[in-house]
Amino acid sequence: MEKIQEEILELKKQLGSELLILGHHYQRHGIVELADKIGDSFGLAKAAAEATGVKSIVFCGVRFMAESAAILCRDDQKVYHPEPEAGCPMADMAPMEAVEEAWSILTSRPDYKARKMIPVTYMNSHAPLKGFTGKHGGAVCTSSNAKKVMDWAFTQGDLILFFPDQHLGRNTAKLMGIKEEEMRVWYPSKPDGGIDSLEGVKLLLWNGHCPVHMKFTVRDVEFVKKNFPGCLVAVHPECPKEVVDLADAVGSTTHLVDWIKDLPHKTRVFVATEVNLVRRMQQDNPHLRVEMLSRSLCPTMYMVDLFKLKRSLEKIIDKTEEAVPMPDEIKGDALKALERMLALA
Ligand code: SF4
C-alpha cells in the first residue's frame, strides 16, 4: 500500500462511520482500494440514498454522480467531490437552453397534437436536466435499467425523448423491438432538430455520445474476431450500435463485471469499456485472458486522484470542505425523476 493510502486510511479512521467513500468502477486502482463501496452510477446512487448513519459522502467519480448523490441524500448529509472540475463531456452535450428549445419546438408542432412525449434521461447528465425530466413527468435511467425505464415511459406516453446518449437509447430500443424507422436523432444545431415528421416515430434520440465508448469500432471487433478465433467480445451499450451488433455480450458496467466471472477458464475476452475497469477485470479474473478491445481512458474520471481525496478528507475534518451545491428548485424535480427510477429497480 502506498504511503498516501495509509494517510488516507488514518483520516478515514478519524471520520469513522459518519464517512462513506463511494468509488466508481472507472476510478484509478488506488482510489478503488480505499472506497467503502465500488459500483456503477446506479449502484452508487442507491448506496447514497440508503446511507443511514452517514453524514459525509465523498464521491470519487465525475460531477453528475456527486450531484445525483446530493439530490438523493438526506438534509443532514453532505456530499463532497474531491475534484469539482471533473465533469462529463457527454453530459455537456445537452445544455439546458438547447433542451428547453427542443421541448418547445417539438410540443408545438402540428403533428405533435395527439401525442404525449416523456423525457427519459440517462444518469450521465447535469442536475438541471434531471430536474427538467422530473418536471415533465419523466424518469432517469442508467445503463443497468434503461429498458425497464423506457418500458415504463411507454405506459405514460407514446413518444420518448431520450437524453443525452443516443447510443444507449438506440441499443436499448433495439432490445425492445423498436425499429430504426421508428427512431429519429434530434440534432440541436439543425432547424427543427432535423426532424421532418413525427408520424410513426416512437423515440427521439438526443445527439450526444460518450467519447470514451465511441473509440471502439467495427474494425476493432473484426480484427480480434479474425486474429483470435474463438475469442469473445463484451461491450458497454454506450458503444455505437454497429459495434454492439457484433458483440457476444452487451451490458452495463455491473453486468459485464458479473458476466465475465462465470466464463470458462482460459477464455480470451476483449472488453470495450473504460481502461481502468478493464484492468481491474484482468486482476480479478486471473483464470481468464481479459484484454482491452482498444485502450480508452476517461480523462475526467482520471482527474480524481489520491492527493485530491486526501485533501478533501482533511478539509472535511477541518470543516472547510465545500459540499456539492444543490439548489432546492433543482433538487425537488430531479428527485422525482430519480425516485421514479429507483421505484422501478
Ligand atoms: S466514461 Fe463517458 S459518460 Fe462516463 S464520465 Fe467519461 S465521458 Fe462521461
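The values are calculated or read from the model by the stated rules, or taken from the named source; none is laboratory data. Remember, it's a predicted structure, so these values are computed and weren't measured experimentally. When we count neighbours, we look across all protein chains shown, and the Cβ atoms used for this are built from the backbone with ideal geometry, even at glycine. Accessible surface areas use protein heavy atoms only, side chains included; no ligands, DNA or RNA. Shrake-Rupley method; radii C 1.70, N 1.55, O 1.52, S 1.80 Å.
Taking the listed residues VAL278, VAL271, the one that is over 17 Å from ALA35 (Cα atoms), within 16 Å of the ligand (Cβ to nearest atom) and part of a helix (DSSP H, G or I) is VAL278, with no other qualifying.
Conditions (1) free of Cβ contacts under 8 Å to residues at least 60 places away in the same chain; (2) under 15 Å from LEU246 (Cβ atoms); (3) of a type in the set (Ser, Thr, Tyr), marked per residue:
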| position | (1), (2), (3) |
| --- | --- |
| PHE163 | no, no, no |
| MET176 | yes, no, no |
| ARG184 | yes, no, no |
| TYR187 | yes, no, yes |
| ILE195 | no, no, no |
| GLU199 | no, no, no |
| HIS209 | no, no, no |
| PHE216 | no, yes, no |
| LYS225 | yes, yes, no |
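If you go through segment 295-329 and keep only what is crowded, with 16+ Cβ neighbours inside 10 Å, under 24 Å from SER144 (Cβ atoms) and in contact with a helix residue (DSSP H, G or I) (Cβ under 6 Å, 6 or more places away or on another chain), you end up with SER296, VAL324, MET326. Restricting attention to segment 197-207 and to residues that are open to solvent by 20 Å² or more (accessible area, probe 1.4 Å) and touching a Phe, Trp or Tyr at 6+ places or on another chain (Cβ under 9 Å), the residue that is nearest to GLU180 (Cα to Cα) turns out to be LYS202. Quick test of your reading of the structure: CYS210 fulfils all but one of (1) within 16 Å of the ligand (Cβ to nearest atom); (2) open to solvent by 60 Å² or more (accessible area, probe 1.4 Å). Name the failing condition by number. Just one mismatch for CYS210, condition (2). Flag: PRO237 does not match the condition of being surrounded by fewer than 19 Cβ atoms within 10 Å (Cβ to Cβ), touching a Ser or Thr at 6+ places or on another chain (Cβ under 9 Å) and either at pLDDT 95 or above or part of a loop (DSSP other than H, G, I, E, B) (or both).
Considering THR155, THR172, the condition of being within 16 Å of the ligand (Cβ to nearest atom) and at pLDDT 95 or above is satisfied by THR172 alone.
Among the residues of segment 1-24, write down those that are closer than 25 Å to ARG63 by Cβ and of a type in the set (Lys, Arg). If the condition is that a residue be closer than 25 Å to ARG63 by Cβ and of a type in the set (Lys, Arg), then LYS12 is the only one that fits. Only one entry of SER197, SER125 meets the criterion of being within 18 Å of GLU67 (Cα to Cα), assigned to a loop (DSSP other than H, G, I, E, B) and not β-branched (Val, Ile, Thr), and that entry is SER125.
With respect to being open to solvent by less than 80 Å² (accessible area, probe 1.4 Å) and within 16 Å of the ligand (Cβ to nearest atom), ASP333 falls outside the description. Only residues that are among the hydrophobic types (A, V, I, L, M, F, W, C) and either open to solvent by 30 Å² or more (accessible area, probe 1.4 Å) or modelled with pLDDT under 95 (or both) were counted in segment 67-102, giving 7.
Conditions tested, residue by residue: (1) open to solvent by less than 10 Å² (accessible area, probe 1.4 Å); (2) assigned to a loop (DSSP other than H, G, I, E, B); (3) within 20 Å of MET65 (Cα to Cα).
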residue	(1), (2), (3)
LEU106	yes, no, no
LYS130	yes, no, yes
GLY134	yes, no, yes
LYS147	no, no, no
TRP152	no, no, no
ILE160	yes, no, no
ASN171	no, no, no
ASP192	no, no, no
